[in-house]
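Report on the following structure.
The values are calculated or read from the model by the stated rules, or taken from the named source; none is laboratory data. Every value quoted in this text rests on a predicted model; they were computed, and no experiment measured them. Positions of Cβ are generated from backbone atoms using ideal geometry, with glycine treated the same way; all protein chains shown enter the neighbour counts. Protein only, heavy atoms only, side chains kept; ligands, DNA and RNA dropped before computing areas. Shrake-Rupley method; radii C 1.70, N 1.55, O 1.52, S 1.80 Å.
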Amino acid sequence: MDPMEVFKIEVTGQEEFGAKKYRELIMDILQGLGLIRSIGRLYVYVDILKPYFAVYGLLRSGIPPLTVKDVGDVMKVQGGYQIKINDEEHMADLLRVLGERYGRERIEQPARDIVIIASDTSPSELMVANLEAEFLQDLTDALVRVAPEGFRNRRNIMTKDSFFFIAAEESLTPEMVSEIKGKIREMENA
Amino acid sequence: MLEPVMFTGGLYKHDLVVELVEDLGGYVLQKNVTQTEIILLILVPTEDMAILQAMAKELRGELVRAPLAGTEVAVVTPTLAIHHLPHSACDIAEYLRRHGSKTNMLGLARGVGREIAQINEYETALINEHDAAVFIFGNFQECIKKKESLYRNISVPVVVTGGPEIEAKDLPYAFEYVSSIGRVAHRARKATEIGSLDRIVESVGRALDKTRSSIAKDPLTTSPPRVMDSVREQVPDVEFSYSPLPIALNLTGVRVKLPYDAYKDAVKAVTFDEGVSLGEIATIKPSRMKDYILVRILSASETGFVF
C-alpha cells in the first residue's frame, strides 16, 4: 500500500512497464531519503517523445523546527539545567547552539548523553535545527535522482506546501511549462 | 580441450593446486587473495578434471565450472552517475565475474538522454578490445530503441539489457536483448531478479561461443593462455604491475599491463619452445586502456602454422 494519499504516474505511448518501474523507483528513492511520509500527493507526468519529465507534489503539514526539548529531556537541577539527550543524531547541532547561546564555559558534559548548563533560563525552546530547510534540500536531491539522467534542463518551484519539478533534454520554453502544468491539472482532476 | 574452472578455498596449501594445474599442463589465469581465502581461475585439461576435483576435496575447497573464464567483457552504462550505478551495473558486473569473466565497467562520457546520447571513437575502440559488451539501458522502450546508435559501430557482440519486453527485430544491431533489468534503485535479491542476471550470463556465453566458433574456422597460431604463460615467464616485470590482473586474457590475445614504449620490445621478443617469437605470430600494439600493451594473435591463415 502506498504511504501517500495519491500517487499517479502517467507516461505517454506504450510505456506501461516504464510507468510501473518508475513508480517503484520513485518509492525506493523517497523511502531511502526518508521523505515519503512528508509527501501527501504526488503526480508524475512523463512524455518520452518530447522528451520531458515532470513531478508535482503536495506536502503534508509543515515540519516544525527541532528544539532542545525534542532531542532530550530538560530538567532543572542545582545551579542550572540538565539535558538528557535521547536523540544523538543532532548532538553536534545541539552543542553548537548551546555554545552560541550560553558560551562554552557554562556548558558541562559529564557523560556522553548528559549536558549541564549553568544558567537560570531554560534551553527547552532553543532551535537546534531547521528541519524544513533540510527536508527541502533532500527533496530537491531526490527529484534530481529520480529524473532520467540526460534531462539536464531543470526547473524546480517550491512553495510552503507544494513542489513542481520539470526536467527536459531541450531548453524549457514557457509553452512547454504551461503544457505540463495543464497535464498535471488534468491528472489532479481525473 | 581445456576446462575453465574456479577454485575457492583457504589460502593454506593452495600452492598444491597451482602446482597440480601446472603439472597437468593447465594454466592459472587469475589468483585473488582475500585475507585467508583464495579464488583461482584455472584452465585444466578436461580428462584430468577428476584429479583436480580430488585435490579440491582434500583441501576442503570448492571447484565450480566458470564458463566465461579467459574472456573480458565490457559492462557499459550511459554514465557512471548514481542513476545507473551501483545497482544494476554492479550486479551484472559482479555476476559475470562470478562466472569467471574479467569485467570492466565503462561509463560513457555523453551516453545519457534520448536525443543527445552519443559515443565517441575512443570509447568504441576501447569496447572493441573486449570479447563482448553488455549495454545497460533503462525502462522506456522508446529510449532503448533510439539508443541503438551507441552500439551500432561496435564489432564485438553486444548484449543489450533493459526493462520492457522488446522484440529482437526492433534491435537489429544487438546480439541479444535481455529484459527485466532496467533502472532500479535496489540490489538484485529476488529470485526473478537473479534469474534475469542468469539470462545475461547465458546470453554473454552464447555471444562468446559465437566468437569461439568463428575463431575455430581459422584457428589462432597459438592459444592466448600459452602466450600469457610465456610473457609471465620471460617478462618478469609484469609481476610488479600494480594491476590486480597483470595479464588479462581475451579470446584472441592478451593485454599486458606494462607501459607500451618501455616494454613492447621485450614482449615482442618472447620466444616459444618451437623457436618463434611473439612478434612473428602476433601484432603488438598500444591498448586503448591506459598505456598497456595489446597482443592480438594472428590466425593460422596469416602465419601458415599452428602450435
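General remarks:
- In the stretch A:132-160, the residues that are at the interface with another protein chain (Cβ under 9 Å from one of its Cβ atoms) reach residues that are of a type in the set (Asp, Glu) with C-beta atoms within less than 8 angstrom, at least six apart or across chains, in these pairs: A:GLY150/A:GLU169; A:PHE151/A:GLU169; A:ARG152/A:GLU169.
- Residue within the stretch A:67-80 that is part of a loop (DSSP other than H, G, I, E, B), in the same structural domain as A:LEU143 (by TED's automatic domain parsing) and either in contact with a helix residue (DSSP H, G or I) (Cβ under 6 Å, 6 or more places away or on another chain) or not polar (S, T, N, Q) (or both) present: no
- Filter result (among the acidic types (Asp, Glu), at pLDDT below 90 and either under 23 Å from B:ASN139 (Cα atoms) or assigned to a loop (DSSP other than H, G, I, E, B) (or both)) within the stretch A:121-152: A:GLU149
- Criterion: modelled with pLDDT of 90 or more, part of a helix (DSSP H, G or I) and either of a type outside the set (A, V, I, L, M) or open to solvent by less than 20 Å² (accessible area, probe 1.4 Å) (or both) - qualifying residue of B:VAL17, B:VAL5, B:VAL44: B:VAL17
- Selection from the stretch A:30-44 of residues that are more than 9 Å from the chain's Cα centre (by Cα) and farther than 14 Å from A:VAL146 by Cα: A:ARG37, A:GLY40, A:ARG41
- Failed criterion for A:ARG155 (all others in (1) in contact with a strand residue (DSSP E or B) (Cβ under 7 Å, 6 or more places away or on another chain); (2) surrounded by fewer than 14 Cβ atoms within 10 Å (Cβ to Cβ); (3) outside any loop (DSSP other than H, G, I, E, B) hold): (2)
- Filter pass, A:LYS20 being farther than 18 Å from A:THR159 by Cα, open to solvent by 50 Å² or more (accessible area, probe 1.4 Å) and assigned to a strand (DSSP E or B): no
- Among (1) part of a strand (DSSP E or B); (2) surrounded by 21 or more Cβ atoms within 10 Å (Cβ to Cβ) - the single one B:LYS31 does not satisfy: (2)
- Residues that are hydroxyl-bearing (Ser, Thr, Tyr) and under 18 Å from B:VAL5 (Cβ atoms) were ranked within the stretch B:86-107; the one that is least open to solvent (accessible area, probe 1.4 Å) is B:SER101.
- Total residues in the stretch B:142-158 satisfying the condition of being within 19 Å of B:GLY107 (Cβ to Cβ), among the hydroxyl-bearing types (Ser, Thr, Tyr) and out of contact with any strand residue (DSSP E or B) (no Cβ under 8 Å at 6 or more places or on another chain): the figure is 0.
- Criterion violated by A:ALA54 - all others in (1) under 21 Å from the mean Cα position of the chain (by Cα); (2) within 30 Å of B:LYS145 (Cα to Cα); (3) without any contact (Cβ under 8 Å) to a residue 60 or more places away in the chain satisfied: (3)
- Where A:GLY57 falls short, out of the listed (1) within 19 Å of A:ILE166 (Cα to Cα); (2) at pLDDT below 90: (2)
- Selected residue (criterion: surrounded by the most Cβ atoms within 10 Å (Cβ to Cβ)) from residues of the stretch B:62-82 that are in a loop (DSSP other than H, G, I, E, B) and within 14 Å of another protein chain (Cβ to nearest Cβ): B:PRO78
- Meeting the requirement of 3 or more residues that are open to solvent by less than 40 Å² (accessible area, probe 1.4 Å), the strands (runs of 3 or more DSSP E) wholly within the stretch B:183-301 are B:247-249, B:253-256, B:293-297.
- The combined condition, being open to solvent by 50 Å² or more (accessible area, probe 1.4 Å) and at pLDDT 90 or above, is fulfilled by A:ASP73.
- Among the residues making up the stretch A:166-183, those that are out of contact with any Gly (no Cβ under 8 Å at 6 or more places or on another chain) and either within 14 Å of chain B (Cβ to nearest Cβ) or open to solvent by less than 60 Å² (accessible area, probe 1.4 Å) (or both) are A:ILE166, A:ALA167, A:ALA168, A:GLU170, A:SER171, A:LEU172, A:THR173, A:MET176, A:VAL177, A:ILE180, A:GLY182.
- The requirement of being open to solvent by 10 Å² or more (accessible area, probe 1.4 Å), out of contact with any helix residue (DSSP H, G or I) (no Cβ under 8 Å at 6 or more places or on another chain) and within 14 Å of chain B (Cβ to nearest Cβ) is fulfilled somewhere in the stretch A:2-16, by at least one residue.
- Residue within the stretch A:59-82 that is small (Gly, Ala, Ser), touching a residue at least 60 places away in the same chain (Cβ under 8 Å) and in contact with a strand residue (DSSP E or B) (Cβ under 6 Å, 6 or more places away or on another chain) present: no
- B:VAL156 meets all of the listed conditions (1) under 22 Å from B:GLY182 (Cβ atoms); (2) touching a helix residue (DSSP H, G or I) at 6+ places or on another chain (Cβ under 7 Å) but one, namely (1).
- Residues that are of a type in the set (Val, Ile, Thr) and under 11 Å from A:VAL74 (Cα atoms) were ranked within the stretch A:112-126; the one that is surrounded by the fewest Cβ atoms within 10 Å (Cβ to Cβ) is A:ILE114.
- Matching residues, the stretch B:147-174, being open to solvent by less than 10 Å² (accessible area, probe 1.4 Å) and either of a type outside the set (S, T, N, Q) or in contact with a Pro (Cβ under 7 Å, 6 or more places away or on another chain) (or both): B:LEU150, B:TYR151, B:VAL158, B:VAL159, B:VAL160, B:GLY162, B:GLY163, B:PRO164, B:LEU171
- Condition check for B:LYS146 on (1) within 14 Å of another protein chain (Cβ to nearest Cβ); (2) under 19 Å from B:LYS210 (Cα atoms); (3) charged (D, E, K, R): one failure, at (2).
- For the stretch A:95-127, residues that are touching a Ser or Thr at 6+ places or on another chain (Cβ under 8 Å) and either in contact (Cβ under 8 Å) with a residue 40 or more places away in the chain or not assigned by TED's automatic domain parsing to the domain that holds A:GLN82 (or both) total 4.
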